[in-house]
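Scroll down for the structure; my scribbles are underneath it.
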Amino acid sequence: STDYSKDGAVTILQKASIENGLNIVLMGDAYTDRLIDDGTYEKTMRVAMNHFFSIEPYNSFKKYFNVYLVNAVSKNEFCGYNASTALSCQIGYGGNDGQVFSYAQKAVADDKIDDTAIIVIVNEPLSEYTYDGLCKLYTPSTGNNDYGKGASIAYICRGSNEETFESLIHHEANGHGFAKLGDEYAQYPDMLDIPNNVINEIETLSQYGWLKNIDLTNDPTTIKWNRLLNDNRYETGWWD
């Protein structure tokens, strides 16, 4: 890049039409002034926004969201070794969270950043098989086990496969970042029991209203989703 004049500029992609709105902030890393000027940057962020709202219940509640785009002008169009980018992203490791929050605060007031879901799209379109994403969650200043508060940053590789890109957004941004849900796969296949440190972490995070899909019991009458087990609308799934 040679022109950084548009760095930090904010574009409102959507304003909530109901209530004050929940805040989503989109930005990208390894996007140069060239990709911002030719519209690639904004087009990519709009695609990401559409993917975010392509599943329920987000689609039905879309009117409750504010969505902002913040320009982050990078020197280079690649990440990793010897790269100079606005957010210092590296595939597999995320980026500089402090810088990400700094850009997000150009769109969202300081007193609202604690409940903002941030999505960072990393410009890495070289392979259709590129599949990389992670989400960092920040505990809120006060706990509330009724619903999941706290800021989040979902780092998502753009790739060239649209289906993969969409699934990464659903997993990292929708699932982890906004909903604060936990992974639902076996992380300890060689262990008979969940390690105590993991149990302690689950119990701690649950106090913030996180991990609503995770339980430490197999008693169907006490699990968090117990009411759904007796609701005949959920008797069948996509596999039937």
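Within the stretch 190-203, restricting attention to residues that are closer than 22 Å to His171 by Cα and of a type outside the set (Asp, Glu), the residue that is modelled with the highest pLDDT is Ile202. Within the stretch 135-146, not a single residue is part of a loop (DSSP other than H, G, I, E, B), buried (at least 22 other Cβ atoms within 10 Å of the Cβ) and among the hydroxyl-bearing types (Ser, Thr, Tyr).
Regarding Pro140, is this residue without any contact (Cβ under 8 Å) to a residue 24 or more places away in the chain and in contact with a helix residue (DSSP H, G or I) (Cβ under 7 Å, 6 or more places away or on another chain)? Give the steps one after another, and end with the answer.
On the way: without any contact (Cβ under 8 Å) to a residue 24 or more places away in the chain: no; in contact with a helix residue (DSSP H, G or I) (Cβ under 7 Å, 6 or more places away or on another chain): yes.
Here the answer is no, as Pro140 does not meet what is asked.
Is there a residue being part of a loop (DSSP other than H, G, I, E, B), open to solvent by less than 50 Å² (accessible area, probe 1.4 Å) and closer than 27 Å to Ser141 by Cα anywhere in the stretch 99-112? There is at least one residue in the stretch 99-112 that is part of a loop (DSSP other than H, G, I, E, B), open to solvent by less than 50 Å² (accessible area, probe 1.4 Å) and closer than 27 Å to Ser141 by Cα.
When you go through Tyr131, Tyr93 one by one, which is the residue that is touching a Ser or Thr at 6+ places or on another chain (Cβ under 7 Å) and either modelled with pLDDT of 95 or more or of a type outside the set (Lys, Arg) (or both)? Step through it out loud before you land on a result.
Numbers: Tyr93 fails: touching a Ser or Thr at 6+ places or on another chain (Cβ under 7 Å).
When all the criteria are applied, what remains is Tyr131.
Restricting attention to the stretch 154-189 and to residues that are polar (S, T, N, Q) and modelled with pLDDT of 85 or more, the residue that is nearest to Phe101 (Cα to Cα) turns out to be Asn174. Residue count for the stretch 183-215, restricted to those that are surrounded by 10 or more Cβ atoms within 10 Å (Cβ to Cβ) and under 27 Å from Asp115 (Cβ atoms): 18. It is to be established whether one or more residues within the stretch 217-227 are modelled with pLDDT of 85 or more, assigned to a helix (DSSP H, G or I) and under 30 Å from Phe101 (Cα atoms). Looking for residues that are modelled with pLDDT of 85 or more, assigned to a helix (DSSP H, G or I) and under 30 Å from Phe101 (Cα atoms), one finds none in the stretch 217-227, hence no. Within the stretch 45-58, residues that are among the hydrophobic types (A, V, I, L, M, F, W, C) reach partners that are surrounded by fewer than 13 Cβ atoms within 10 Å (Cβ to Cβ) and in a loop (DSSP other than H, G, I, E, B) with beta carbons closer than 8 Å, at six or more positions or on different chains, in the pairs Phe53/Asn59. Taking the criterion of being open to solvent by less than 10 Å² (accessible area, probe 1.4 Å), in contact with a Phe, Trp or Tyr (Cβ under 8 Å, 6 or more places away or on another chain) and either closer than 12 Å to Gly133 by Cβ or part of a helix (DSSP H, G or I) (or both), the residues of the stretch 154-182 that qualify are Ile156, Cys157, Gly159, Leu168, Ile169, Ala173, Asn174.
To keep it simple, each residue is scored yes or no on (1) under 19 Å from the mean Cα position of the chain (by Cα); (2) among the acidic types (Asp, Glu); (3) farther than 23 Å from Ala109 by Cβ.
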residue: Ile18; (1), (2), (3): no, no, no
residue: Leu22; (1), (2), (3): yes, no, no
residue: Leu26; (1), (2), (3): yes, no, no
residue: Asp33; (1), (2), (3): no, yes, yes
residue: Thr40; (1), (2), (3): no, no, yes
residue: Asn59; (1), (2), (3): yes, no, yes
residue: Asn66; (1), (2), (3): yes, no, no
residue: Leu69; (1), (2), (3): yes, no, no
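The values are calculated or read from the model by the stated rules, or taken from the named source; none is laboratory data. These numbers come from a predicted model, not from an experiment. All Cβ positions, glycine included, derive from the backbone under ideal geometry; neighbour counts span all protein chains shown. Protein only, heavy atoms only, side chains kept; ligands, DNA and RNA dropped before computing areas. Shrake-Rupley method; radii C 1.70, N 1.55, O 1.52, S 1.80 Å.
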